[in-house]
1. Looking at segment 64-84, I want the residues that are touching a residue at least 60 places away in the same chain (Cβ under 8 Å) and open to solvent by less than 100 Å² (accessible area, probe 1.4 Å) and have a partner that is of a type in the set (D, E) and in a loop (DSSP other than H, G, I, E, B) with Cβ atoms under 9 Å, at least 6 apart or on another chain. Which pairs are those?
2. For residues that are in a helix (DSSP H, G or I) and among the β-branched types (V, I, T), scanning just segment 10-59, find the one that is surrounded by the most Cβ atoms within 10 Å (Cβ to Cβ).
3. Which condition number does S48 fail, the rest of (1) within 14 Å of C106 (Cα to Cα); (2) at pLDDT 95 or above being met?
4. Going through segment 95-108 one residue at a time, which ones are touching a strand residue (DSSP E or B) at 6+ places or on another chain (Cβ under 7 Å) and either modelled with pLDDT of 95 or more or not hydrophobic (A, V, I, L, M, F, W, C) (or both)?
5. Mind telling me which of the residues L12, L103 ends up being touching a residue at least 40 places away in the same chain (Cβ under 8 Å) and hydrophobic (A, V, I, L, M, F, W, C)?
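The values are calculated or read from the model by the stated rules, or taken from the named source; none is laboratory data. Source: prediction; values computed, not measured. Virtual Cβ from ideal backbone geometry, glycine too; neighbours counted across all protein chains shown. Please note that ligands, DNA and RNA were not included when accessible areas were found on the heavy atoms of the full protein model with its side chains. Shrake-Rupley method; radii C 1.70, N 1.55, O 1.52, S 1.80 Å.
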Amino acid sequence: MYDLARVQSLALAGGLNSWTDRCDKTIYELFGGDLDAVASLMSALQPSNYKDSEWCSNGRNAWAACDAYSIRRVEWIATSGKEMPIEYFLKFAVSKTGQLVLLVSCHL
């Protein structure tokens, strides 16, 4: 539903907003709360990573039409002492104003 290049541009320009409590928690767990790291992950998305579009709730009676993507990349995993493939799932929408990316979900 959303132009991926526009979403990536907004995210990299600081227009990324975690829209759910669960998303806040997983961003903290996976990235130490660093939204710039999530924006960097989003910048690596390709159209071929698109999964589907879904209605998503923020848990506070608001709904957004979201695009869902998955991306697999190799990362160093300190606890295993080696690089391993990791698959991330992201769901997001663009705000009504068109100025923010509302990140609904970012998890493994």
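1. none
2. Taking segment 10-59 and keeping what is in a helix (DSSP H, G or I), we get 10-12, 21-31, 35-43, 47-49.
Checking which are among the β-branched types (V, I, T) leaves us with 26-27, 38.
Numbers: T26: 20, I27: 20, V38: 24.
In this case the residue turns out to be V38.
3. With (1) within 14 Å of C106 (Cα to Cα); (2) at pLDDT 95 or above applied to S48, the lone miss is (1).
4. Going residue by residue through segment 95-108, those that are touching a strand residue (DSSP E or B) at 6+ places or on another chain (Cβ under 7 Å) are 95, 100-108.
The answer is S95, S105, H107.
5. Working: L12 fails: touching a residue at least 40 places away in the same chain (Cβ under 8 Å).
Just a single option satisfies the conditions, and that option is L103.
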